[in-house]
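Structure below; questions to follow.
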Amino acid sequence: MRSHYLPLLLLLLFSSCRPDYSFQSKFTIEGNQWSYEEPVSFQFEAPDTSSFYTLWLSVGHLEEYAYQNMYVEISTIFPKGKSTNQVLSLDLADKFGRWEGKCRGGTCEVLIPLQTKVRFRDIGTHEVRIRQNTRDNPLESISSFTLALQKNPEA
């Protein structure tokens, strides 16, 4: 009789361990070659204006990626048309060349907090555009980007 409860217990255990995202979307880079002319774009609705959120970016790359980091230009377009631009260096490996994040089957995935304690000023559609800003065009061995929005725990 106890064996009937085991699947239910496992389901509850594993479902409670996953982060609760208000938004999550994945963009796959065709052929693992990311061109200047092909920015990655995500659109999402701001859940509310009273809570704080963390904006996560997960970068997928092949193990043969040639660099420790990757420079990107991130543009955010707000519901009322205002926008911001920022150039960031995304670290994919540590100073010893070991990949950050998890690697499996030749592909690595690193989760990077883009912004913490974000509070949205306006309800409406927000857009985040990511453009590669490196010397290589196309940038080889980049496979995907996932943008996720997670509500911060109440303090």
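Of the numbered conditions (1) in contact (Cβ under 8 Å) with a residue 60 or more places away in the chain; (2) closer than 22 Å to Q43 by Cβ, P113 fails exactly one; give the number of that condition.
(1) is the only condition that P113 fails.
Quickly run through segment 116-155 and pick out the residues that are in contact (Cβ under 8 Å) with a residue 24 or more places away in the chain and hydrophobic (A, V, I, L, M, F, W, C).
V118, F120, I123, V128, I130, L139, I142, F145, L147, A148, L149, listed by residue number.
A further question on this structure: Restricting the search to segment 120-155, which residues are under 20 Å from T84 (Cα atoms) and exposed (fewer than 15 other Cβ atoms within 10 Å of the Cβ)?
Once the filter is applied, which keeps residues that are under 20 Å from T84 (Cα atoms) and exposed (fewer than 15 other Cβ atoms within 10 Å of the Cβ), segment 120-155 yields R121, D122, I123, G124, T125, E127.
Would you mind telling me which numbered condition in (1) surrounded by 16 or more Cβ atoms within 10 Å (Cβ to Cβ); (2) without any contact (Cβ under 8 Å) to a residue 40 or more places away in the chain; (3) of a type outside the set (D, E) G81 fails?
(1)
Name the single residue that is nearest to V128 (Cα to Cα) among those in segment 20-44 being more than 16 Å from the chain's Cα centre (by Cα) and charged (D, E, K, R).
Result: E38.
No lab work stands behind these numbers, since they all come straight from the coordinates. Bear in mind the structure is a predicted one, so any value in this text is a computation, not a measurement. No Cβ is skipped: glycine too gets one built from the backbone with ideal geometry, and neighbour counts run over all protein chains shown.
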